[in-house]
Amino acid sequence: MSPEITQIIKRTGEVVPFKRERITNAIYRAAVAVGGRDRETAARLTDQVIQVFRDTYPPGKIPTVEEIQDIVEKVLIETGHAKTAKAYILYRQERARLRRRRQRGESQRDPENIPYRKLWEILNWAVDHNVHNIYRLNERIAKGEFCEIVQESDEAYERDVAQAAELIKQRRDQVRIVIIAGPSSSGKTTTTAKIADHLKAAGLNLVALNVDNYFFDLDVHPRDEYGDYDFETPQALDLDLINQHLQQLIAGEKIQGPYYDFKTGHRTLDAIPMQIGPNDIILIDSLHGLYGKMTAGVPDEQKFKLYIETLLQMKGPDNQYIRFTDLRLMRRMMRDARERAFDPQRTLEHWHYVRSSELRHIIPYVNTTDYIVNGATPYEIPLMRAHLYSYFAKWVEQYRDDPNHVDAFLRAQRVHKLLQATIPVEDESCIPPTSHIREFIGGSAYDLH
């Protein structure tokens, strides 16, 4: 019998310890994507994958990631798991395409999915206000103009939100659902509250459907070998039940919605009664509001889809535009540390799940939205410099030679360079409680829970 596999060769050529849980989790994630939730089957299939490798290759050979993935595809197909195999293959192909783009030095996909006119308007605003690169921002801060930057930035955001609300009001006779979607820490919660205020002033009654209550029980969530659960995928939600309840509510029926307890990781069905009147609008604030299966049974004319993203048009010290995802990473670190007692390092190590899900399940649907709000503000970077710089400096050294945390190292290195080039601002007193940045740094005037 061939010896156990103890090591594996990564795509970078590095040899790292082999962890069978990675195979199990990859198979389970593919199964979840097509509606399966049997982790034991994923574990049995992992045993078969390992056995095929041992039977096929000579003793002592260290497998490559690609070789193991090829065997996973083979085993899934030969054991009759065709749908799971297809999901696995498609995901693998998508990751390969993204790697090729990075190797060619091509930009991320985010800007490609945002209308050029929107990005141009934001860049034009940044140039007009002299905050289109980090050094111009620093100059204004050095002149004592931080509070002016706050006011200018918040006014631009408020105009964006008001325009979105106006478009909804123009369709008030048709729209039954307002969906406010966007990636993690883009500012959805505050934007939802502000949209609600605008519509209430116009006499529209909004009823929120909290889709967080539709999470499946924690024990069937995908997780990694460190036990880190993935809440970022739309399949973590009971999409069929959400869609069913939306159709029932629009039809005037009363539903009994579920309740999800985040402390226990358990969902209770038939826990929250809900019904809407003929003039009510359902309000959904969700990462995955644009994901088709969530609202597939509701006609498009009855939905208004708003997307919010940190569309900052500012160049960093490398003369490249600051990445939207890096802003949101820092925001989430701030919020999670304050509200959930999460170590910022945990947020960094988890971020590859966040980003992977965004690229697969959120960003591709941006062009289906009715309106896009820019949730970025130039003034948040100096705030993050004051709060987070020491962490990123530490992480750059900690992850520099760690082959198991290459993603964390690259993000930490990039953000560290940005914050290193930024003048810190510790005084937050001129940031009003109505600012959406308060959602992340604390002190918001809105009920964000």
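Read-outs: derived from the displayed coordinates by stated rules, not from any lab. Everything numeric here is computed off the predicted structure, so don't read it as measured data. So basically every Cβ, Gly included, is an ideal-geometry build from the backbone, and we count neighbours across all protein chains shown.
Figures for the structure shown
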| quantity | calculated |
| --- | --- |
| Long-range amide H partners of I308 with built H, under 5 Å | A181, G182, V373 |
| Projected area averaged over orientations for the range 50-204, convex hull of C-alpha atoms, nm² | 16.8 |
| The range 129-218 pair-distance distribution - Cα-Cα, 10 Å bins, rounded % | 13, 34, 26, 18, 9, 0 |
| Segment L448-A251, extension gain: residue separation times 0.36 nm, minus the distance between their alpha carbons | 68.0 nm |
| Percent of beta bridges antiparallel (DSSP, the chain, rounded to nearest 5) | 40 |
| Table column - 3J(HN,Hα) (Hz), the range 320-326, Karplus curve with 6.51, -1.76, 1.60, x for Gly and Pro | 10, 5, 4, 6, 4, 5, 5 |
| Residues with amide H under 5 Å from that of G257, placed H, sequence gap 5 or more | A271, I272, M274 |
| Lysine pair number, Cα distance threshold 21 Å (strictly under), the range 7-103, separation 8 or more or different chains | 8 |
| Stretchable slack from D38 to E14, in nm (0.36 nm times residue separation minus alpha-carbon distance) | 5.4 nm |
| Most to least packed among 21-31, 384-394 [average Cβ atoms within 10 Å] | 21-31, 384-394 |
| Principal semi-axes in Å for the range 231-383 [√(5λ), Cα gyration tensor, largest first] | 32, 21, 14 |
| Euclidean distance of C-alpha centroids, the range 14-40 and the range 232-272, integer Å | 26 |
| The range 5-54 pair-distance distribution - Cα-Cα, 10 Å bins, rounded % | 25, 45, 26, 3 |
| Radius of gyration and maximum dimension Dmax of the range 347-412, Cα, Å | 15.5, 45 |
| Hz values of 3J(HN,Hα) by residue in the range 266-280 - Karplus curve (6.51, -1.76, 1.60), Gly and Pro given as x | 10, 9, 10, 7, 6, 10, 10, x, 8, 7, 10, x, x, 10, 7 |
| Theoretical FRET efficiency, 1/(1+(r/R0)^6), r = Cβ-Cβ of I62 and N319, R0 45 Å, to 0.05 | 0.65 |
| Semi-axis lengths (Å, descending) of the ellipsoid that matches the C-alpha gyration tensor of the chain | 38, 31, 18 |
| Reach of K293 by Cα under 14 Å, taken over aspartates and glutamates that are not fewer than 8 positions away in the same chain | D238, D240 |
| 5 angstrom amide H check on M314, placed H, neighbours 5+ away | I322 |
| Ellipsoid semi-axes in whole angstrom, largest first, where each is sqrt(5λ) of the Cα gyration tensor of the range 1-93 | 22, 14, 12 |
| Mean residue ellipticity (222 nm) of the chain, computed from DSSP H runs ≥ 4 via -39,500 (n - 2.57), nearest 500 | -16000 deg cm²/dmol |
| Relative exposure of W120, W125, judged by other C-beta atoms within 10 Å (fewest first) | W120, W125 |
| Per-residue HN-Hα couplings for the range 371-388 [Karplus 6.51, -1.76, 1.60; θ = phi - 60°; Hz; x = Gly/Pro] | 7, 10, 9, 8, x, 8, 9, x, 6, 6, 5, x, 5, 5, 4, 5, 8, 10 |
| Approximate spin-label separation C430-D343, in nm, with each point projected 7 Å along Cα-to-Cβ | 3.7 |
